[in-house]
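Below: the structure, in structure tokens.
The values are calculated or read from the model by the stated rules, or taken from the named source; none is laboratory data. Since we're looking at a predicted model, the values are computed, not measured. So basically every Cβ, Gly included, is an ideal-geometry build from the backbone, and we count neighbours across all protein chains shown.
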Amino acid sequence: MSPNQRNFSNREVVESGFSGNMQEALRYLDSTEDVARAYAFGALCRMDSLEIDHLTAALTDPSPLVRRRALLAIPDRWGGDFDAEIDLPSRLRDTDASILEVACYVAGECDPTTEAILDRLEEIAQHHDEDLCRESAVAALGSLGQQRSAPIVVRACSDRPTIRRRAVLALVAFDGPEVDKMLRELTKDTDWQVRQAAEELLSIE
């Protein structure tokens, strides 16, 4: 069956990852069907046969489905020359908000981080139009725990409730009087989940 036929076999592509059939996975990696390409990418990951060229191509694939799958493969491979090859700061500029949300999550899992990644995460946390993207960026900054990002996370504690819930938890990664002050203020927040989280964090201290 040609990998460019619309009725490709999902099972055939997926099974290639379990059977170790690298040639079959590579064949579908060039399919015109985005689902087939995503499955093929996953099969290569399962076989631990993913090359940097496969990853960089998938990260710029026209399909959000493939880009998402590629992003999630990054943290396990983070480190060394790999970091420069994939250019994670560029991935943090995806125009699809659903993919940018994933990219922020992935950036938070990639430690050690870089100044360029932190710059972009801080920009998203403060200025992106989509709540989910701001929320994901705030969570990533908390996960990375770089003290330079503390003012950004503190500021996010005044955003919408869903983002405040994420921001109050992210505060645990930071120190300083502005952090302690914000935690005390959040014990009076209008959202009960924010209040509860702030109270619990203060009790730990």
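Close contacts from region 8-29, counting a first residue that is modelled with pLDDT of 70 or more and a second that is surrounded by 13 or more Cβ atoms within 10 Å (Cβ to Cβ) and of a type in the set (Asp, Glu), with Cβ to Cβ under 6 Å and a gap of 6+ residues or different chains, come to Ser16/Glu24. Against the list (1) under 29 Å from Val66 (Cβ atoms); (2) in contact with a helix residue (DSSP H, G or I) (Cβ under 7 Å, 6 or more places away or on another chain); (3) of a type outside the set (S, T, N, Q), the condition Gly80 fails is (2).
When you look at Tyr39, is it crowded, with 20+ Cβ neighbours inside 10 Å, modelled with pLDDT under 95 and in contact with a Pro (Cβ under 6 Å, 6 or more places away or on another chain), yes or no?
Details: crowded, with 20+ Cβ neighbours inside 10 Å: yes; modelled with pLDDT under 95: yes; in contact with a Pro (Cβ under 6 Å, 6 or more places away or on another chain): no.
Considered against the rule, which asks whether it is crowded, with 20+ Cβ neighbours inside 10 Å, modelled with pLDDT under 95 and in contact with a Pro (Cβ under 6 Å, 6 or more places away or on another chain), Tyr39 comes out as no.
Here is a list: Arg165, Arg155. Which entry is assigned by TED's automatic domain parsing to the domain that holds Thr95, touching a residue at least 24 places away in the same chain (Cβ under 8 Å) and over 30 Å from Asp87 (Cβ atoms)?
Values: Arg155 fails: over 30 Å from Asp87 (Cβ atoms).
Just a single option satisfies the conditions, and that option is Arg165.
Can you pull out the residues in region 42-84 that are in contact with a Cys (Cβ under 7 Å, 6 or more places away or on another chain) and buried (at least 16 other Cβ atoms within 10 Å of the Cβ)? Before you say what the answer is, go through the steps one by one.
In the first step, residues of region 42-84 are kept if they are in contact with a Cys (Cβ under 7 Å, 6 or more places away or on another chain); the result is 73-75, 78.
If the condition is that a residue be in contact with a Cys (Cβ under 7 Å, 6 or more places away or on another chain) and buried (at least 16 other Cβ atoms within 10 Å of the Cβ), then Ala73, Ile74, Trp78 are the ones that fit.
So that you can scan it fast, the table gives a plain yes or no per residue for (1) of a type in the set (A, V, I, L, M, F, W, C); (2) under 18 Å from the mean Cα position of the chain (by Cα):
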{"position": "Glu122", "(1), (2)": "no, yes"}
{"position": "Asp131", "(1), (2)": "no, yes"}
{"position": "Ala139", "(1), (2)": "yes, yes"}
{"position": "Pro151", "(1), (2)": "no, no"}
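Right, Arg93: under 27 Å from Ser16 (Cα atoms), within 15 Å of the chain's Cα centre (by Cα) and in contact (Cβ under 8 Å) with a residue 24 or more places away in the chain or not? If you could, list the steps in order and put the result at the bottom.
Numbers: under 27 Å from Ser16 (Cα atoms): no; within 15 Å of the chain's Cα centre (by Cα): yes; in contact (Cβ under 8 Å) with a residue 24 or more places away in the chain: yes.
In short, no.
How many residues, within region 96-120, are within 12 Å of the chain's Cα centre (by Cα) and either under 14 Å from Gly142 (Cα atoms) or acidic (Asp, Glu) (or both)?
Taking region 96-120 and keeping what is within 12 Å of the chain's Cα centre (by Cα), we get 97-110, 117.
Remaining after also requiring either under 14 Å from Gly142 (Cα atoms) or acidic (Asp, Glu) (or both): 101, 104-110, 117.
Within region 96-120, residues that are within 12 Å of the chain's Cα centre (by Cα) and either under 14 Å from Gly142 (Cα atoms) or acidic (Asp, Glu) (or both) number 9.
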